[in-house]
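Q: Have a look at this one.
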Amino acid sequence: MPDVMLCNIARWGNTMPIGQSGRVVIEIDPDLKQAIYQSLKEDGSNMKDWFLKCVEEYMAEKNLQQDLFAEEEQSTRRVV
């Protein structure tokens, strides 16, 4: 099995295979890709650092929402 799993999203629809490597492969418009790389370069950043920062923020928000939901659920159970 290859370390890198590439696929065409049109072939798979909304489900993309997930490989075991640490790589994330997405297909985007080449012009958008270049614009992102250029903008990140101007900011002194790169795609990997930007992506990891976005993931960290996303996961923190998601965990916060899950924690708030769990607290709300626990307080509802106590009242009932």
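Q: Go through segment 29-64 and count every residue that is in contact (Cβ under 8 Å) with a residue 12 or more places away in the chain and loosely packed, with under 10 Cβ neighbours inside 10 Å.
A: 0
Q: Ok, one more. Report every pair of residues separated by at least 6 positions or lying on different chains whose Cβ atoms are under 6 Å apart, first residue within segment 5-28 and farther than 18 Å from Leu52 by Cβ, second at pLDDT 80 or above.
A: Matching pairs, first to second residue: Met5/Gly19; Leu6/Val25; Ile9/Glu27.
Q: Return only the number of the condition from (1) part of a loop (DSSP other than H, G, I, E, B); (2) at pLDDT below 90; (3) not polar (S, T, N, Q) that Leu68 does not satisfy.
A: (1)
The values are calculated or read from the model by the stated rules, or taken from the named source; none is laboratory data. In this text, all values refer to a predicted model and were calculated from it rather than measured experimentally. We place every Cβ from the backbone using ideal geometry, glycine too, and count neighbours over all the protein chains shown.
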